[in-house]
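The values are calculated or read from the model by the stated rules, or taken from the named source; none is laboratory data. Everything quoted here is computed from the prediction, not taken from an experiment. Cβ placement follows ideal geometry from the backbone for every residue including glycine, while neighbour counts extend to all protein chains displayed. For the accessible areas, the whole protein counts, side chains as well, though only heavy atoms, and no ligand, DNA or RNA atoms are used. Shrake-Rupley method; radii C 1.70, N 1.55, O 1.52, S 1.80 Å.
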Amino acid sequence: MAKIKEAPMVPVYYNKDLATAKEVLRACYEGGVRAFEFTNRGDFAHEIFAELVKYADEACPSMALGVGSVVDAPTAALYIQLGACFVVGPLFNPDVAKVCNRRLIPYTPGCGSISEVGFAQEAGCDLCKVFPGDVLGPKFVKGLLAPMPWSKLMVTGGVEPTEENLAAWFKAGVYCVGMGSKLFPKGATPAEITEKCKSALNLISNLQK
């Protein structure tokens, strides 16, 4: 949570090729990213993740490497065993919260309503994910925070590394954003990814002043 607050943009990424995943992780790290979400979206994704954790320990020592797209407790337990620093899901599953709480691992569930955010907070989730962000929109965030100002919200889905898009979310009151495809356009080099990360984090820093 401290690392996410320090750099409030979390890349959301998956690649079945370990070498490519390492390159992207390092590129994001050099761009100032300190929390990285590797999604559980392909066959043997956990094997790639296990190797990434070992790589990050040496090449990106200040990086918190977490897992995304987790929908059930057994999957959460598997990734925690492999070294996940945090667990993210597209939905809220109380059984995942139990597994994460037992190991003091932050669980950020996907929530699409104010009631879901409330139930997740009751289950010990300090940070809830507004998902899908492009469907719910910044007005949802602003509306939720009015009666529940203690809420910490991460938005994922439709977030772009542009001043207009980021300003809409941070002015609405999000704690951080998760960014996927817009941060990793097809054919982008590691250097270009690093620059995109730097640019997005600089924009966010200026918006928070």
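Largest first, the residues Arg41, Arg26, Arg34 sort by 1.4 Å accessible area into Arg41, Arg26, Arg34. Seen from all sides and averaged, what is the projected area of the convex hull of the Cα atoms in region 94-197, in nm²? Average projection, Cα convex hull of region 94-197: 7.6 nm². The apolar share of the surface of the chain, taken as the fraction of accessible area on carbon and sulfur atoms (1.4 Å probe, ligands and nucleic acids excluded), comes to 52 percent. Between the listed residues Val10, Val71, Ala45, the Cα displaced farthest toward the positive end of the dipole of the chain, a dipole computed from Cβ unit charges relative to the Cα centre, is found at Val10.
With semi-axes defined as the square roots of five times the eigenvalues of the C-alpha gyration tensor, the equivalent ellipsoid of region 44-160 measures 26, 16, 12 Å, largest first.
For region 92-102, the Karplus equation 6.51 cos²θ - 1.76 cosθ + 1.60, evaluated at θ = phi - 60°, returns couplings of 9, 10, x, 5, 5, 4, 4, 4, 5, 4, 4 Hz by residue, with Gly and Pro reported as x. For region 149-189, take the alpha-carbon Rg, divide it by the Kirkwood Rh, and send me Rg/Rh. Expressed as Rg/Rh, it is 1.05.
Only helices enter the 222 nm calculation for the chain: every DSSP H run of n ≥ 4 contributes -39,500 (n - 2.57), and dividing by all residues gives -14000 deg cm²/dmol, rounded to 500.
If you compute Cα extents along the principal axes in Å for the structure shown, which of [x] 81, 50, 36; [y] 68, 35, 30; [z] 46, 38, 26 do you land on? Among [x] 81, 50, 36; [y] 68, 35, 30; [z] 46, 38, 26, the one calculated here is [z]. Below 8 Å between Cα atoms, with a sequence gap of 6+, how large is the relative contact order for the chain in percent? Once divided by the residue count of the chain, the mean separation gives 21 percent. Solvent-accessible surface of region 37-134, taken per residue with a 1.4 Å probe and all protein chains present: 45 Å².
Against the criterion of solvent-accessible heavy-atom surface with a 1.4 angstrom probe, Trp169, Trp150 sort, most first, into Trp150, Trp169.
Note on Asp72: accessible area is roughly 50 Å² with a 1.4 Å probe, heavy atoms of protein only. Along the axis of the charge dipole computed for the chain (Cβ charges of +1 for Lys and Arg, -1 for Asp and Glu, origin at the Cα centre), the listed residues Leu91, Cys60, Phe140 are led at the positive end by Phe140. In this structure, the amide hydrogen of Gly68, modeled 1.01 Å from its nitrogen in the peptide plane, lies closer than 5 angstrom to those of Phe38, Thr39, Asn40, Val88, counting only residues at least 5 positions away or on a different chain. Dipole size of region 133-209 about its Cα centre, with +1 on Lys/Arg Cβ and -1 on Asp/Glu Cβ: approximately 220 debye, rounded to the nearest 20.
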